[in-house]
Amino acid sequence: MGTSVSKNQDLTTNEYLLKFVDKDPISQNDPFWNRFLSFNIKPPTSSEDQLALDNKTEPLLQKLLVNNLQSGNFGALVKVFLTRCGELLTAATNNDNIYCWQIFNSLFAIRNILKYLTETVVEEQLIEHIEINVEGTSRLEQLLGALYGIIVDIPLKECTYAIHLEAVTCLIVFLSVQLHTNRKAEQLVIYKLIMKGRHAIHAPLFIKSLIVNFIEQLKAPPGFSTNQGNSLVLGLAGLWSILTLSRRDGDTRDSNGKLDILEAPLATQSLLLMLILTNHCSTQNNPYRQCLFSCLNSQDNNPIPPTKAPSVFKIDYNQLFFTLCKRANGDAATLLLYLLLHRNPAFKTHLLARIDLDQLVIPVLKTLYNAPNSNSHHIYMSLIILLILSEDDAFNRSVHETKLKSIPWYNERNLSEVSLGGLLVLVVIRTIQYNMLKMRDKYLHTNCLAALANMSAQFRDLHPYVSQRLVSLFETLAKKYQKLSLRLKENHHNETTINISMDDGGEAEQDLSVLEEVIRMVLEIFNSCLTNQLSNNPNLVYTLLYKKDIFEPFKKNPAFQDIVQNIETVIEYFSKLLQTKAQQNEVDAGQVLLTIQQGTKQWPKEKLTKFPELKFKYVEEDQPEEFFIPYVWALVSEQSMLNWCTEGSSILNVSC
């Protein structure tokens, strides 16, 4: 066969592959391995690439599954990898490309065999295939240890980049046993080894390595995903070339502007692995989760307390912030930001103290603005991030002090000199309106309004358009409420309709109840702003006066009349001022605004009934894993370059 192989050759006829999957054992010291591991491959760079690879290798893997418990050749391959891995640090230091190349090939082959086994057999059988003919130390534990060692100890260089990427991907494949079972992660051997075994003591260094990979966003070296670059050709060179698929040229962003994995695959895979580790086994002692939630800022010179030293590491929060800003439009980075904000007090404090927080908030708002192009989980995470930020009064003040000159992606209107706080209000209102039309999710409404409610006492200098949109939101809700109320009244007066439409009536009453809650919250937001910041919001007062008739139907409604009374008091006060002004001469819009501004100086605050301060705090659900585990695996399936058959999976119930 020599050093060249026809690109049209069927893999199932290759003598080396056939020998590997046959019944006959191959000794670890057999020269066969040098030839077997000397193939030249362009790794799959998408799930489609991976699927094509799976389809081409499946006949061989089926044969290996039948024969391996007799031959032990998969275990022998793992032993070859482990032996060579011992010299990897030296090879990396000396830039030994050929040695690194063969280690990559062995790890790539191991990863693809593991992927097939995780999809085909139960975990106990998977482990049996790895441990066959083992004497002494568990081969599975040795393999996990070698993967950890690569990620933590081997310097990341051009010649080791692909090895690092394969090590991370291989661990993702190991952890994917969760996808193919109905058992909880805590009950799986692989999760037990990783969470509680001897590897767990390396959790701080391991998570630090993954998060540094994410922060650095190192691009793949030349030739990683193209046919360019120097190709190392030995023995079986060209064998795998028939598996390689062309990547698209040009920009590495998809239609939504998200960074393509091809730009920084190690960063993407490292982030996904970190999310898997920190979101499983969350009700138990998860060392990876604890490390992420307790990591500190390396720019802070305070020493780590001795009691916390074993599980605490430091990273550069500044660099992490800028990477999160760069990747904030992606689901996985948004989820990491949520975890850090919600669970890491030091990082939250650092974030809220930044004067350039708009660099992070604006991309989050852009995600919400583009809600039709985002999945519901991503919308939720973005909203919850805003809700957590809005719990801080300093944040609520600063966003209204931050002026934006232009927002090119905001298409409804050309906004100039609007504040970041005003933009936040506009985008959240738009999200509520989108939800009313498309998603009809009560909890999404609640999160949106909770963020606005938290901010309302600090609303300052609301732009005229922002004020209009706030009042228009109430107007839209009011019309919907009146229409639904009328329909229910008609139903109650018509027995035939009730009998025919009992189910519809029940749903309508439920919708009405939700609408009442939403309208009440909007009214409370108005009241909070008027009570605390009336003198700083003449544009809102102007809009309330202009649209005062929309509050009329709610004056005597028991569900709203107490809160509406305060709004009516404000409207009546300024209406009288304007009537007096109008008696003297004709009043235009500019004079109306000036009259309002002057009137606020004499405004008697005691005229308003005091209501409890509007403060909402985000609280995670009692069983967060029910939300986060499927979400994380959906992200992994979408972004990890892997393609899984998940038929029958209780987590991702998708057909192959």
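The values are calculated or read from the model by the stated rules, or taken from the named source; none is laboratory data. Given the structure is predicted, the values throughout are model-derived calculations rather than measurements. Methodologically, a virtual Cβ is constructed for each residue, glycine included, from the backbone with ideal geometry; neighbour enumeration extends over all protein chains shown. For accessibility, only protein heavy atoms count, side chains too; no ligands or nucleic acids. Shrake-Rupley method; radii C 1.70, N 1.55, O 1.52, S 1.80 Å.
Quick notes on this structure:
- Checked across the range 407-417, the condition of being at pLDDT 95 or above and touching a His at 6+ places or on another chain (Cβ under 9 Å) holds for no residue.
- Taking (1) among the acidic types (Asp, Glu); (2) surrounded by fewer than 22 Cβ atoms within 10 Å (Cβ to Cβ); (3) assigned to a helix (DSSP H, G or I) in turn, Glu158 satisfies each apart from (3).
- Ile98 meets the conditions (1) closer than 20 Å to Val21 by Cα; (2) of a type in the set (A, V, I, L, M, F, W, C); (3) loosely packed, with under 15 Cβ neighbours inside 10 Å in every case but one. The failed one is (1).
- A single member of Phe322, Phe347 is in a helix (DSSP H, G or I), in contact (Cβ under 8 Å) with a residue 40 or more places away in the chain and not charged (D, E, K, R), and it is Phe347.
- Residue within the range 64-73 that is open to solvent by 20 Å² or more (accessible area, probe 1.4 Å) and either in contact with a His (Cβ under 9 Å, 6 or more places away or on another chain) or hydroxyl-bearing (Ser, Thr, Tyr) (or both) present: yes
- Count - residues of the range 398-421 that are exposed (fewer than 14 other Cβ atoms within 10 Å of the Cβ) and part of a helix (DSSP H, G or I): 1
- Some residue of the range 328-345 being at pLDDT below 95, among the aromatic types (Phe, Trp, Tyr) and open to solvent by less than 30 Å² (accessible area, probe 1.4 Å): no
- Among the residues of the range 547-567, the ones that are assigned to a helix (DSSP H, G or I) and without any contact (Cβ under 8 Å) to a residue 12 or more places away in the chain come to 3 in all.
- Residue pairs whose Cβ atoms lie under 7 Å apart, sitting 6 or more positions apart in sequence or on different chains, and linking a residue in the range 120-139 that is closer than 14 Å to Leu193 by Cβ to a partner that is surrounded by 14 or more Cβ atoms within 10 Å (Cβ to Cβ) and among the polar types (S, T, N, Q), are Glu123/Thr181; Leu126/Thr118; Glu131/Ser138.
- Residues (outside any loop (DSSP other than H, G, I, E, B) and of a type outside the set (Gly, Ala, Ser)) located in the range 139-155: Arg139, Leu140, Glu141, Gln142, Leu143, Leu144, Leu147, Tyr148, Ile150, Ile151, Val152, Asp153
- In the range 607-636, residue farthest from Leu452 (Cα to Cα) [restricted to those that are among the basic types (Lys, Arg) and modelled with pLDDT under 90]: Lys607
- Count of the range 31-54 residues which are hydrophobic (A, V, I, L, M, F, W, C), in contact with a helix residue (DSSP H, G or I) (Cβ under 6 Å, 6 or more places away or on another chain) and open to solvent by less than 20 Å² (accessible area, probe 1.4 Å): 5
- Qualifying positions in the range 535-566 - open to solvent by less than 10 Å² (accessible area, probe 1.4 Å) and either in contact with a Lys or Arg (Cβ under 6 Å, 6 or more places away or on another chain) or of a type in the set (A, V, I, L, M, F, W, C) (or both): Leu540, Val541, Leu544, Phe551, Phe554, Phe560, Ile563, Val564
- Selection from the range 310-319 of residues that are open to solvent by less than 10 Å² (accessible area, probe 1.4 Å) and either among the aliphatic types (A, V, I, L, M) or assigned to a loop (DSSP other than H, G, I, E, B) (or both): Ile315
- Restricting attention to the range 23-60, the residues being under 19 Å from Met641 (Cβ atoms) and of a type in the set (Asp, Glu) number 4.
- Pairs with Cβ under 9 Å, 6+ apart, first in the range 459-474 and among the hydroxyl-bearing types (Ser, Thr, Tyr), second in a loop (DSSP other than H, G, I, E, B) and buried (at least 21 other Cβ atoms within 10 Å of the Cβ): Ser467/Asn537
- For the range 139-153, the set of residues classified as among the aliphatic types (A, V, I, L, M) and open to solvent by 20 Å² or more (accessible area, probe 1.4 Å) consists of Val152 only.
- Matching option when the condition is modelled with pLDDT under 90 and either among the aliphatic types (A, V, I, L, M) or more than 24 Å from Glu401 (Cβ to Cβ) (or both), among Leu578, Leu540: Leu578
- Residue check for Asn527: part of a helix (DSSP H, G or I), at pLDDT below 80 and not aliphatic (A, V, I, L, M): no
- Scan of the range 598-611 for residues that are touching a Ser or Thr at 6+ places or on another chain (Cβ under 8 Å) and surrounded by 12 or more Cβ atoms within 10 Å (Cβ to Cβ), ordered by number: Thr600, Trp603, Leu608, Phe611
- Any hit, the range 439-455, residues being at pLDDT below 95, β-branched (Val, Ile, Thr) and part of a helix (DSSP H, G or I): yes
- Restricting attention to the range 180-200, the residues being within 24 Å of Ser637 (Cβ to Cβ) and in a loop (DSSP other than H, G, I, E, B) number 5.
- Residue check, Ile429 under 19 Å from His350 (Cβ atoms), open to solvent by less than 10 Å² (accessible area, probe 1.4 Å) and in contact with a helix residue (DSSP H, G or I) (Cβ under 6 Å, 6 or more places away or on another chain): no
- Per the conditions (1) open to solvent by 10 Å² or more (accessible area, probe 1.4 Å); (2) within 22 Å of His180 (Cβ to Cβ); (3) of a type in the set (Val, Ile, Thr), the sole criterion not satisfied by Ile110 is (1).
- Qualifying residue in the range 379-398 (condition: among the basic types (Lys, Arg) and touching a strand residue (DSSP E or B) at 6+ places or on another chain (Cβ under 7 Å)): no
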